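S.K.: The structure under discussion is supplied below as structure tokens; questions concerning it will follow.
The values are calculated or read from the model by the stated rules, or taken from the named source; none is laboratory data. Remember, predicted model here, so these are calculated numbers, not experimental data. Methodologically, a virtual Cβ is constructed for each residue, glycine included, from the backbone with ideal geometry; neighbour enumeration extends over all protein chains shown. Calculation scope for accessible area: heavy atoms of the full protein, side chains included, ligands and nucleic acids excluded. Shrake-Rupley method; radii C 1.70, N 1.55, O 1.52, S 1.80 Å.
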Amino acid sequence: MTVIKSDTDTDEHVTQPTDTNVTMDDATPTPTVTTTTATTAKDDKDAKDAKDADTPKVKPVKLTPPELGDLSKEGMFKVEDRDKYTATFRWVLKGIKKRIENEEDRVYSPIWKVCDEEWRLLLFPNGNRVNSISIYLEAADHKSMPRNWSKYVRFGITLYDQNNDSKKIEQEADKRLNADATDWGFREYLQLRDAHKKGTGFVKDDTMVFDCTINFDPFLNDKFRYDSKKATGFVGIKNQGATCYLNSLLQTLFHLNYFRKMVFKMKTDDVRDATKNIPLALQRLFWKMTYSDKSVSTKELTKSFGWDVVDSFMQHDVQELARVLLDNMERKMKDTEADGTIQKLFEGKEKSYVKCEQVGYESSNVQPFLDLQLTVKGSKTIEASLAKYIEEELLTGDNQYKTDNHGKQDAKKGSIIVKFPPVLMLHLTRFEYDYRKDAMYKVNDRFEFPEVLNLAPYQEGYKEGDVDDYTLFSVLVHSGDLTGGHYFAFIKPKIDSPHFLKFDDRRVFKVHDCDAIEDNFGGDKVRSYIYPHKKQKNIFKKFSNAYMLVYIHKSKRDEILHTIKEDEIPHHLSTRFEEEDREAERVAREKAEAPKYVHIKVATLDILKNHHFTDLVDFNTVKEYKLYKTEQLLALKKKIEQD
């Protein structure tokens, strides 16, 4: 293991006395994180200048968390890179007892670098004017920072109990730092008496072990220059006012590559106006989402729905919209190469039945479905809700079933899935009617769903041990309450995608799987961002939760998500849409430049002589001249003379 010794500093360090509880807002495009007693540490004018330049830099050493590895040597070691923007470093600090006895004010860790920014930990082993260990994350190159420097950082600091890993101390915070406030951390991290209590391992063999996990969200750090296409390969969709629910559904359908390919194969050659034809509008939208570098508009598509401006500011039901859209696509795909696509991808079979076992009677009816609606209230997991969906009802007593040939009989009534479709859309009933209050309300109860779901137990003919796995493809989330809110989607668009992408209207950015799954179970508990497996109680009720789930059959993922090659998009569509875009750009350019020009019609003497009607002249026959408003009359005269 490569070792880097850390230097110490003894300058004064003053902290603002106010402790702050920082909680990220649930409506922001980042995960909800609860932080405790996060404060800033403010230096004196002469503080820490002497040794900043001598603080050693980190040499990466790969460890496997949570193993502490060799603690015999002091230094800062790299533990892991979770992704490009998240890294964990370990600080092994020796000689802690001597530092305490000498009443050393502060200890600096070696410097490490994440996303081209240099950082270090600042430890107060005797507390920063409190009877607790104080520790802060600090921007190491603060002296050379420009005045406009700003960085949004999420971080967590762990102190290990070297005798018992389960008793480690974990604190996390988020903060936008700037040139005037270059550090943030925990003034009361761990009480001194607890840190040195007999039997604990926070200080063992005169050693303390800290981990610091630091994350930079590229979107939050540069919202104005963030480029979704460059960062993720995909673009967002503009919100017309309240069309976020539509955007989430369209992104889900678009990334079902087989469906998109079939949409491109629909016949629309004889249609000229996309605002009056849903297939053409959808083709054009999908084509733009494929090739555009910026977010695209859905105005043509919503106009093809027959919506006006008012409709664009009203939220419609996602389930109803999905059914109407797919039904329209099914009709338009008939007698084309795409015929049968909707049934192939989305159609399952459900059997409703009544059984009278005593007389061997059964009445059943098999119906197709495009989606299933699952109850959230009273079901803690998706498996429990599916079990409730196929639960049998006993018809006995006064409620016996009347058969044609056997009279009234005790019976079992229920539904069973005959066949699940390759792409399964599950709508969760987050909105229900309260009969006592005579009003609708949103169900924010916790409802867990896995990334891999075995649907064999809910199908006809199931035998114990059968497996029919589906993998999670998309999570549509509603954030808000009954009166309003916001929709966005988490999608894993490629077969080999290492993580989910969050599609939030115009913005697309990478997130961890736990952001897409655990964070959207609902209920009152949230996952820690820095510590993904740590559960903690939130200080407010969570109103963001999954509203619709899309699963894909494991054996069909390769076919459905297979990357579309450029030659699989009909050439005539690309040619047409490119020409339409050029024409639209020309019209837009002329419209933008129109205020710079003046249009003058000039009637010559010959025109006046040859005009024999009551009006002065027929202006439809008069030549028009286009001039800049800044040009003089002489320029007009020259143009007339040239003609």
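S.K.: So which strands (runs of 3 or more DSSP E) are wholly in region 458-526 and hold at least 2 residues that are within 19 Å of the chain's Cα centre (by Cα), within 18 Å of Asn257 (Cβ to Cβ) and of a type in the set (A, V, I, L, M, F, W, C)?
M.R.: Of the strands (runs of 3 or more DSSP E) lying wholly inside region 458-526, those with at least 2 residues that are within 19 Å of the chain's Cα centre (by Cα), within 18 Å of Asn257 (Cβ to Cβ) and of a type in the set (A, V, I, L, M, F, W, C) span 469-481, 484-491, 500-504.
S.K.: I'd like the residue in region 70-81 that is without any contact (Cβ under 8 Å) to a residue 60 or more places away in the chain and not in a loop (DSSP other than H, G, I, E, B) and, out of all such residues, is most open to solvent (accessible area, probe 1.4 Å).
M.R.: Among those that are without any contact (Cβ under 8 Å) to a residue 60 or more places away in the chain and not in a loop (DSSP other than H, G, I, E, B), it is Asp81.
S.K.: Now, a different point. So which of Ala281, Ala322, Ala338 ends up being of a type in the set (Gly, Ala, Ser), farther than 24 Å from Leu428 by Cα and in a helix (DSSP H, G or I)?
M.R.: Ala281
S.K.: Mind counting the residues in region 219-278 that are more than 28 Å from Leu472 (Cα to Cα), aliphatic (A, V, I, L, M) and in a helix (DSSP H, G or I)?
M.R.: Selection size over region 219-278: 2.
S.K.: Closer than 27 Å to Asp515 by Cβ and open to solvent by less than 30 Å² (accessible area, probe 1.4 Å), is that true of Thr158?
M.R.: Taking the combined requirement at face value, the residue satisfies it.
S.K.: Restricting to region 341-380, name every residue that is crowded, with 17+ Cβ neighbours inside 10 Å, hydroxyl-bearing (Ser, Thr, Tyr) and not in a loop (DSSP other than H, G, I, E, B).
M.R.: Thr341, Tyr353, listed by residue number.
S.K.: Counting only residues that are in a loop (DSSP other than H, G, I, E, B) and surrounded by 16 or more Cβ atoms within 10 Å (Cβ to Cβ), which one in region 300-317 is modelled with the lowest pLDDT?
M.R.: Here the answer is Gln315.
S.K.: Can you pull out every residue in region 489-500 that is modelled with pLDDT of 90 or more and in contact with a His (Cβ under 9 Å, 6 or more places away or on another chain)?
M.R.: Across region 489-500, the qualifying residues are Ile491, Lys492, Pro493, Phe500.
S.K.: Let me ask something additional. Could you pull out the residue among Thr23, Thr86, Thr40 that is modelled with pLDDT under 80 and surrounded by 18 or more Cβ atoms within 10 Å (Cβ to Cβ)?
M.R.: On inspection, the qualifying residue turns out to be Thr40.
S.K.: Hey, could you check region 627-643 for residues that are open to solvent by 100 Å² or more (accessible area, probe 1.4 Å) and not in a loop (DSSP other than H, G, I, E, B) and say which is farthest from Glu590 (Cα to Cα)?
M.R.: If we take residues in region 627-643 being open to solvent by 100 Å² or more (accessible area, probe 1.4 Å) and not in a loop (DSSP other than H, G, I, E, B), then Glu641 is farthest from Glu590 (Cα to Cα).
S.K.: Need the failing condition index for Arg99 against (1) in contact with a Pro (Cβ under 6 Å, 6 or more places away or on another chain); (2) open to solvent by less than 10 Å² (accessible area, probe 1.4 Å); (3) at pLDDT below 85, just the number.
M.R.: For Arg99, the exception is condition (2).
S.K.: Of the residues that sit in region 593-626 and are among the aromatic types (Phe, Trp, Tyr) and in contact (Cβ under 8 Å) with a residue 12 or more places away in the chain, which one is most open to solvent (accessible area, probe 1.4 Å)?
M.R.: Phe619
S.K.: May I ask you to list the residues in region 343-379 that are more than 20 Å from Val423 (Cα to Cα), among the charged types (D, E, K, R) and out of contact with any Phe, Trp or Tyr (no Cβ under 7 Å at 6 or more places or on another chain)?
M.R.: The answer is Lys355, Glu357, Lys377.
S.K.: With Leu372, Leu386, Leu321 as the choices, which residue is out of contact with any Lys or Arg (no Cβ under 6 Å at 6 or more places or on another chain) and within 30 Å of Ala231 (Cβ to Cβ)?
M.R.: Just a single option satisfies the conditions, and that option is Leu321.
S.K.: Hey, another quick one. If you take the residues in region 322-340 that are of a type in the set (A, V, I, L, M) and within 19 Å of Leu280 (Cβ to Cβ), which one is most open to solvent (accessible area, probe 1.4 Å)?
M.R.: Val324
S.K.: Moving on. I need the full set of residues from region 411-454 which are outside any loop (DSSP other than H, G, I, E, B), of a type in the set (Ser, Thr, Tyr) and open to solvent by 30 Å² or more (accessible area, probe 1.4 Å), in order please.
M.R.: Tyr433, Tyr441
S.K.: Please identify the pairs in which a residue from region 443-457 that is in contact (Cβ under 8 Å) with a residue 24 or more places away in the chain and closer than 19 Å to Glu432 by Cα has its Cβ atom under 8 Å from the Cβ atom of a residue that is of a type in the set (Val, Ile, Thr) and assigned to a loop (DSSP other than H, G, I, E, B), counting only partners at least 6 apart or on another chain.
M.R.: Filtered contacts from region 443-457: Val443/Val376; Asp445/Val376; Phe447/Val376.
S.K.: Taking the condition buried (at least 19 other Cβ atoms within 10 Å of the Cβ) and either within 19 Å of Thr563 (Cα to Cα) or among the small types (Gly, Ala, Ser) (or both), does Ser297 pass?
M.R.: When the stated conditions are applied, Ser297 does not pass them.
S.K.: Exactly one condition in (1) on the phi < 0 side of the Ramachandran plot; (2) open to solvent by less than 50 Å² (accessible area, probe 1.4 Å); (3) touching a Gly at 6+ places or on another chain (Cβ under 8 Å) is not met by Asp206; state its number.
M.R.: With respect to (1) on the phi < 0 side of the Ramachandran plot; (2) open to solvent by less than 50 Å² (accessible area, probe 1.4 Å); (3) touching a Gly at 6+ places or on another chain (Cβ under 8 Å), Asp206 is out only on (1).
S.K.: Right, another one. Among the residues of region 171-188, is there at least one that is crowded, with 21+ Cβ neighbours inside 10 Å, more than 30 Å from Thr302 (Cα to Cα), aliphatic (A, V, I, L, M) and in contact (Cβ under 8 Å) with a residue 40 or more places away in the chain?
M.R.: yes
S.K.: Residue pairs, Cβ under 7 Å, 6 or more apart or interchain, first in region 288-299 and touching a residue at least 12 places away in the same chain (Cβ under 8 Å), second among the small types (Gly, Ala, Ser). List them.
M.R.: Matching pairs, first to second residue: Ser295/Gly236.
S.K.: Can you tell me how many residues within region 129-150 are crowded, with 16+ Cβ neighbours inside 10 Å, touching a Lys or Arg at 6+ places or on another chain (Cβ under 7 Å) and farther than 20 Å from Asp211 by Cα?
M.R.: 1
S.K.: Output the residue which, of all residues in region 381-404 that are in a loop (DSSP other than H, G, I, E, B) and without any contact (Cβ under 8 Å) to a residue 24 or more places away in the chain, is most open to solvent (accessible area, probe 1.4 Å).
M.R.: Asp404
S.K.: Out of Asp161, Asp194, which single residue is among the acidic types (Asp, Glu) and in a loop (DSSP other than H, G, I, E, B)?
M.R.: Asp161
S.K.: Also, I was wondering about something else. Examine region 248-257 for a residue that is out of contact with any Leu (no Cβ under 6 Å at 6 or more places or on another chain) and either among the acidic types (Asp, Glu) or over 28 Å from Asp567 (Cα atoms) (or both), and state whether such a residue exists.
M.R.: no
S.K.: For region 85-124, which residues satisfy the criterion of being under 22 Å from Lys197 (Cβ atoms) and part of a strand (DSSP E or B)?
M.R.: Within region 85-124, Trp91, Val92, Leu93, Lys94, Val107, Leu123, Phe124 meet the criteria.
S.K.: For region 138-145, check the following and say yes or no: at least one residue is of a type in the set (Lys, Arg), over 32 Å from the mean Cα position of the chain (by Cα) and assigned to a loop (DSSP other than H, G, I, E, B).
M.R.: Within region 138-145, not a single residue is of a type in the set (Lys, Arg), over 32 Å from the mean Cα position of the chain (by Cα) and assigned to a loop (DSSP other than H, G, I, E, B).
S.K.: Look through Thr575, Thr563 and report the one residue that is modelled with pLDDT of 90 or more, polar (S, T, N, Q) and either touching a strand residue (DSSP E or B) at 6+ places or on another chain (Cβ under 9 Å) or within 30 Å of Phe500 (Cβ to Cβ) (or both).
M.R.: Thr563
S.K.: The conditions are (1) at pLDDT 95 or above; (2) under 30 Å from Glu330 (Cβ atoms), and Val376 fails exactly one of them. Which is it?
M.R.: Every condition holds for Val376 apart from (1).
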